[in-house]
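Undergrad: Here it is, the structure in full.
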Amino acid sequence: MRFLSFLRAVLPLLCSGSLLTAEPATPEIQEISFRNHVQPILAKFGCSSGACHGAAAGKNGFKLSLRGYDDEGDYLTITRHALGRRITLSDPGRSLLLTKPTGAVPHKGGQRFDTNSVEYRILSDWIAFGAPGPKKDEPRIDHLEVTPAHAILKPSVSQQLNVRAHFTDGHAEDVTRWVKYTSANTTVATVDDNGLVQVMGNGEGAITAWYLSRITIATITAPYEQKISEQTFAETKRRNFIDDLVLEKLRSLNLPPSPRCTDAEFIRRAFIDTTGTLPIAQETRDFLANQSPSKRDELIGALLNRPEFVDYWTYKWSDLLLVQSKQLPVPAMWSYYNWVRDNVAANTPWDVFVRKIVTSQGSTLENGAANFFVLHDDPRMMSETTSLAFLGMSINCAKCHNHPMEKWTNDQYYKMANLFSRVRAKSGPGDGDKIIFVSNDGDLVQPLTGRPQPPTPLDGKSMSLDDPHDRRQALADWLVSRDNPYFTRAIVNRVWANFFAVGLVENVDDLRVTNPASNEKLLSAAASFLADQKYDLKALMRAILQSETYQRSSAPLPENKGDTRFYSRYYPRRMMAEVLLDALAQVTGVPTEFQVDLRNENRGLGEKYPIGLRALQLPDTKIFSYFLKTFGRADREKTCECERTSEPSIAQVLHLANGDAINKRLSAGGSRIEKLFAKRTPNVNIVEDAYLNALARFPTDIEKTKLLAVLDDSKENDSRVVVEDIYWALLSSKEFLFNH
């Protein structure tokens with residue numbers, strides 16, 4: 001009789017709430033599985049958690065695998081280690097496995113369950129039946145099913161989740177009691193240890209249910225309690241599938257969309273998000289004066305073909321691929337950078353771009369992509385970085401144990417890493433040159449088993465250990481396949497986050513099953529769109545830029561001011577460090593001087609880059625720049641968006657107020673201000689020029705009147721000081737510092 005009969009006997013007691021006070025009926029159990037029944041109890045009650053016996057060193061001489069990923073090892077630890085004193089087959093009630101968690105003997109972990117509990121009965125019966133170990137032919141868990149999978153509720157309402165485990169032999173068990181639950185958004189909903197959900201606020205959140213290394217998700221939607229007419233959504237302009245799916249989500253949440261942004265807001269926003277630059281005054285004048293209904297589309301097309309687009313996206317992908325000379329020789333760094341730049345300029349499809357990197361070999365000076373394997377000289381690092389950069393997933397935790405927040409197992413980690421185990425490097429003839437090649441033998445040994453795992457992409461097909469072909473080719477085939485559920489979504493999410501400040505999955509390096517998208521339909525549709533466009537990233541960018549969703553105002557309505565992830569409006573954000581520094585140089589007309597930073601090598605500062613080179617054109621991060629460091633530049637030491645920060649700080653405020661970034665530029669010779677005075681520019685043009693260059697808009701009538709009054713009243717010797725003050729006020733304003 002299966003374990004299901006046992007559950008049928010005790011479920012009435014569970015539902016009545018009398019389990020801890022009434023003696024449950026003794027079920028007829030022929031066999032209890034260590035893998036499927038004992039391990040979930042140890043995981044649920046924290047015995048095998050990282051804070052207890054699942055820690056790397058265990059607790060008090062008793063060590064279990066984290067959340068029970070090593071069945072064989074845990075079985076031996078419980079039944080054989082410490083002279084087998086943890087279980088007593090002749091008298092199960094005297095077993096330490098029972099007396100410790102029930103508090104019968106002192107236990108630093110405290111009481112975990114009662115002697116009248118279902119858990120006690122399972123463990124005691126397992127011991128009484130001879131403590132059988134895991135069997136190779138017993139049913140394994142296949143997947144979990146949660147009900148309700150999606151619930152629409154109101155704040156303060158509760159909802160009980162129920163979880164069933166489906167096994168490989170076709171039978172299913174109700175495992176609600178032994179599932180570990182977590183909430184992805186506790187401001188929307190919380191969940192207790194028994195799967196009871198409490199809705200806390202409006203929005204949408206996900207509840208994760210974990211059992212035996214399987215995960216399932218329940219979505220809780222709590223629409224905002226406001227009346228929004230259907231006409232509002234029906235009359236909202238739509239340009240493409242992005243608008244359709246965003247509005248569908250907004251309607252389900254009762255969130256109205258903000259109106260369209262102004263032309264001035266659009267040109268500045270699109271320039272920054274697409275090229276990392278500001279429009280110059282004349283470009284803004286021409287755009288605002290243009291009466292063509294297609295002028296926004298025309299601007300989008302022009303931006304996607306500007307050389308600044310190449311600068312910006314080369315810099316973005318150089319961050320992702322860690323292009324820098326801290327670990328690479330300078331010639332190799334330049335080779336890597338130029339390879340990335342050439343492919344961005346050629347608009348190489350993303351799948352081709354990634355395949356070239358993953359399968360690269362040869363001289364690192366001739367094939368810049370091969371430097372990827374110089375930066376990551378261990379199969380595990382190669383695998384981890386490939387997963388993070390191109391799948392948006394961190395599999396690092398599975399290196400030591402099954403991933404506690406994902407479905408990836410320790411076996412899968414070493415199968416994936418073994419795909420890179422035959423990549424080798426040797427010195428080349430040139431200065432700083434390495435030759436990347438593939439050996440005919442060599443495997444990565446999995447520490448847990450002492451044997452190599454068959455090389456296998458995550459969720460892909462295994463290769464034979466004896467297969468002589470380059471294993472990376474099989475990886476690349478799986479990686480860039482349209483059928484790969486992670487690859488296309490990962491790059492779509494990265495591009496989306498660039499234009500909307502918030503990814504559909506946030507953070508962009510965290511595409512876990514337990515971290516679902518804010519709009520799953522939209523992410524899937526955008527991924528399908530990109531695949532249909534043969535991975536042309538410009539096609540995706542054009543669709544985003546043309547959408548009414550992107551072109552919405554950043555000003556919140558009273559009804560959508562609480563929205564931070566469903567795109568009812570454009571979300572303002574501070575310009576990234578390099579874009580901001582270039583913008584200051586552009587508006588003031590004073591370029592930044594960059595110098596190689598060799599202080600970590602005790603050589604001070606190195607050679608200078610050419611005057612006029614922008615921050616977004618720098619190939620390296622080994623640059624001395626207090627500004628870039630203060631404003632959160634990525635160091636390119638690890639593939640993670642977390643390297644870059646946009647968090648405000650006192651140092652940033654002080655630097656803008658008193659530092660060199662603005663003040664020295666305003667007073668510098670050859671600056672924009674100096675040229676304005678040399679041409680005897682009228683005051684009205686000086687004011688307009690300042691606003692158009694800094695904010696991409698004309699000053700309002702009130703702004704113009706007040707500033708002209710001050711300028712007209714100033715003495716000739718004081719006029720420049722007044723203009724410098726005007727520029728300082730604009731360049732230190734939120735309207736300038738933020739893209740909105």
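The values are calculated or read from the model by the stated rules, or taken from the named source; none is laboratory data. All values reported here derive from a predicted model rather than from experimental measurement. Cβ: placed from backbone, ideal geometry, glycine included. Neighbour counts: every protein chain shown. Just the protein is used for accessible areas: all its heavy atoms, side chains included, with ligands, DNA and RNA removed. Shrake-Rupley method; radii C 1.70, N 1.55, O 1.52, S 1.80 Å.
Undergrad: Contact order normalised by length for the range 153-297, with contacts defined as Cα pairs under 8 Å and 6 or more residues apart; what percent is it?
TA: Details: 202 pairs, mean separation 22.3, N = 145.
Relative contact order here is 15 percent.
Undergrad: What accessible surface, in Å², does a 1.4 Å probe find on Asp477, ignoring ligands, DNA and RNA and rounding to the nearest 10?
TA: So the heavy atoms of Asp477 present about 90 Å² to solvent.
Undergrad: Let me ask something additional. Tell me the net charge near Pro40. Cut-off is 11 Å between Cβ atoms, Pro40 excluded, with +1 for each Lys or Arg and -1 for each Asp or Glu.
TA: Numbers: positive: Arg35, Lys44, Arg67, Arg177, Lys180, Arg214; negative: Glu119, Glu173.
Taking every other residue near Pro40 into account, the sum is +4.
Undergrad: Within straight cross-link reach of Lys154, meaning Cα distance under 21 Å, which lysines are found once same-chain residues fewer than 8 apart are removed?
TA: Result set, ordered by chain and number: Lys227, Lys249, Lys561.
Undergrad: Show which lysines lie in cross-link reach of Lys704 when reach means a straight Cα distance below 27 angstrom and same-chain residues fewer than eight apart are skipped.
TA: Counting by Cα, and skipping residues close in sequence, Lys704 has these lysines nearby: Lys664, Lys675, Lys679, Lys715, Lys734.
Undergrad: Sticking with this one: Which trypsin sites (Lys or Arg not before Pro) from the range 679-713 combine a DSSP loop assignment with at most 12 other Cβ atoms within 10 Å? Mind showing how you got there, number by number?
TA: On the way: sites: Lys679, Arg680, Arg697, Lys704, Lys706; in loops: Lys679, Arg680, Arg697.
Listed in order of number, the matching sites are Lys679, Arg680.
Undergrad: Related question: Ranked highest first by average number of other Cβ atoms within 10 Å, how do 81-87, 327-333 line up? Walk me through the numbers before you get to the answer.
TA: Values: 81-87: 13.1, 327-333: 19.3.
Sorting 81-87, 327-333 by mean packing, highest first, produces 327-333, 81-87.
Undergrad: For the chain, what is the calculated [θ] at 222 nm in deg cm²/dmol (nearest 500), taking -39500 (n - 2.57) for each run of four or more DSSP H residues and dividing by its residue count?
TA: Details: 29 runs with 293 residues, N = 740.
Calculated from helices alone, the mean residue ellipticity at 222 nm is -11500 deg cm²/dmol.
Undergrad: Run the 1.4 Å probe and let me know the accessible area of Tyr486, rounded to the nearest 10 Å².
TA: It works out to around 30 Å².
Undergrad: Find out how many positive minus negative residues lie around Tyr535, taking Lys and Arg as positive, Asp and Glu as negative, among other residues whose Cβ is under 12 Å from that of Tyr535. Let's see the in-between values first.
TA: Values: positive: Arg355, Arg482, Lys534, Lys538; negative: Asp351, Asp532, Asp536.
My count for the surroundings of Tyr535 gives +1.
Undergrad: Could you pull the accessible area for Glu520 with a 1.4 Å probe, rounded to 10 Å²?
TA: Accessible area, nearest 10 Å²: 80 Å².
Undergrad: Let me ask something else. For Lys608, list the lysines whose Cα falls under 19 Å from its own Cα; do not include residues on the same chain fewer than 8 positions away.
TA: The qualifying lysines are Lys326, Lys622, Lys629.
Undergrad: State whether the range 547-615 is rounded, prolate or oblate according to the following rule on the C-alpha gyration tensor (a ≥ b ≥ c being the square roots of its eigenvalues): a/c under 1.5 gives rounded; otherwise a/b larger than b/c gives prolate, and the remaining case gives oblate. Working shown, then result.
TA: Details: a/c = 4.50, a/b = 2.61, b/c = 1.72.
It is prolate, given that a/c is not under 1.5 and a/b is the larger ratio.
Undergrad: Over every pair of different alpha-carbon atoms in the range 441-591, take the mean of 1/r and invert it; report that Kirkwood radius in Å.
TA: 18.8 Å
Undergrad: So for the chain, Kirkwood radius off the Cα pairs, Stokes-Einstein at 25 °C and 0.890 mPa s: how many µm² s⁻¹?
TA: Working: Rh = 29.6 Å.
Here the translational diffusion coefficient equals 83 µm²/s.
Undergrad: Please list Lys622, Lys461 in order of solvent-accessible area, largest first, computed with a 1.4 Å probe with all protein chains present. Could the numbers behind the result be given before it?
TA: Working: Lys622 30, Lys461 180 Å².
In descending accessible area the options line up as Lys461, Lys622.
Undergrad: Now for a separate question. Alpha carbon centre of the range 424-460 versus the range 324-396: separation in Å?
TA: 16 Å
Undergrad: Something else: Rank these by accessible area, largest first, 1.4 Å probe: Arg67, Arg112, Arg269. Don't jump to the answer; show the numbers that get you there.
TA: Numbers: Arg67 60, Arg112 95, Arg269 0 Å².
Descending accessible area places them as Arg112, Arg67, Arg269.
Undergrad: Give me the net charge for the shell around Pro134: Cβ to Cβ below 11 angstrom, other residues only, Lys and Arg +1, Asp and Glu -1. Please list the in-between numbers first.
TA: Values: positive: Arg35, Lys135, Lys136, Arg140; negative: Asp70, Asp71, Glu72, Asp74, Asp137, Glu138.
Net charge in that neighbourhood comes out at -2.
Undergrad: Let me ask another. Given contacts defined as C-alpha pairs under 8 Å and at least six residues apart, what's the relative contact order of the chain, whole-number percent? Don't skip to the end; give the middle numbers.
TA: Numbers: 1268 pairs, mean separation 79.3, N = 740.
Taking the mean separation of contacting Cα pairs over the length of the chain, I get 11 percent.
Undergrad: With 16 Å as the cut-off, how large is the P(r) tail for the range 31-120, expressed as percent of Cα-Cα pairs? Write out the running numbers ahead of the final one.
TA: Working: 2106 of 4005 pairs.
I get 53 percent for the Cα pairs in the range 31-120 exceeding 16 Å.
Undergrad: What's the carbon and sulfur percent of the chain's accessible surface, probe 1.4 angstrom, rounded to a whole number?
TA: Working: 16460 of 31930 Å².
The value for the chain is 52 percent carbon and sulfur by accessible area.
Undergrad: What does the accessible area per residue of the chain come to in Å², with a 1.4 Å probe and no ligands, DNA or RNA counted? Before the final figure, lay out each step's value.
TA: Numbers: 31930 Å² over 740 residues.
Normalised by residue count, the accessible surface of the chain is 43 Å².
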